[in-house]
Amino acid sequence: MKRRDYLKSILVLGGLGVTSVSVFEWVKLTRHVDTKQILDKRPIIAELAEMIIPKTDTPGAKDANVHDYVLNIMINCASVKEQNRFVSGIQEIEDYASDKFGKDFLKCSLKERSEALKHIAEHAGFSTPILNKINERYLGTPFYPKFKALVVEGFCLSKPGATQALAYDYVPGSYEACIPLKPLQKAWATK
């Protein structure tokens, strides 16, 4: 075989390999997701949300029913790609807990759950920003950044989050563009 033919065959095989992986990923992300499959993850979603916004002197994510908000958004507002990434992200956390600790995620200790969540957060994207942009453009936002954004958004929009964790002015006065915060003052819930 000539060198030129050999190089052509290597390039063709490499191109076929990359294409097949891309097609497989695209098919995996565009398949239909049953809403029951998302609803079954409710206890795990509640625990993960509570780990992101834990209960302290202010209410936590469970107190604000953030898990219901996340479920509602994922079922009613998210695209099929986002739903598939969400379900596969939760499955990845469950698989990590099962492989690493030999038990279900919900049966793990708080330290083990934190380690699983930290692992998912660290492996949410690539180390190169351009690859992250390409990934988000074609495959959607990875699980952890999307989930964290939904948890924070749901908490800030909830009554306990807006009234007890943030400073809430039910009937705002006149518009002032820039109001300095006093020392130890909570951030405003209304913008």
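The values are calculated or read from the model by the stated rules, or taken from the named source; none is laboratory data. Computed from a predicted structure; not experimentally measured. So basically every Cβ, Gly included, is an ideal-geometry build from the backbone, and we count neighbours across all protein chains shown.
Worth a mention:
- Candidate set: the range 100-133, residues that are surrounded by 12 or more Cβ atoms within 10 Å (Cβ to Cβ) and modelled with pLDDT under 85; chosen: the one nearest to the chain's Cα centre (by Cα): Ala124
- Residues of the range 30-80 that are among the hydroxyl-bearing types (Ser, Thr, Tyr) and under 20 Å from Ala149 (Cβ atoms): Thr58, Tyr69, Ser79.
- Any hit, the range 57-76, residues being basic (Lys, Arg) and modelled with pLDDT of 85 or more: yes
- Just one residue in the set Val70, Val87 is touching a residue at least 60 places away in the same chain (Cβ under 8 Å) and under 15 Å from the mean Cα position of the chain (by Cα); that residue is Val70.
- Screening the range 137-168 for residues that are among the small types (Gly, Ala, Ser) and surrounded by fewer than 19 Cβ atoms within 10 Å (Cβ to Cβ) and picking the one that is nearest to the chain's Cα centre (by Cα) gives Ala149.
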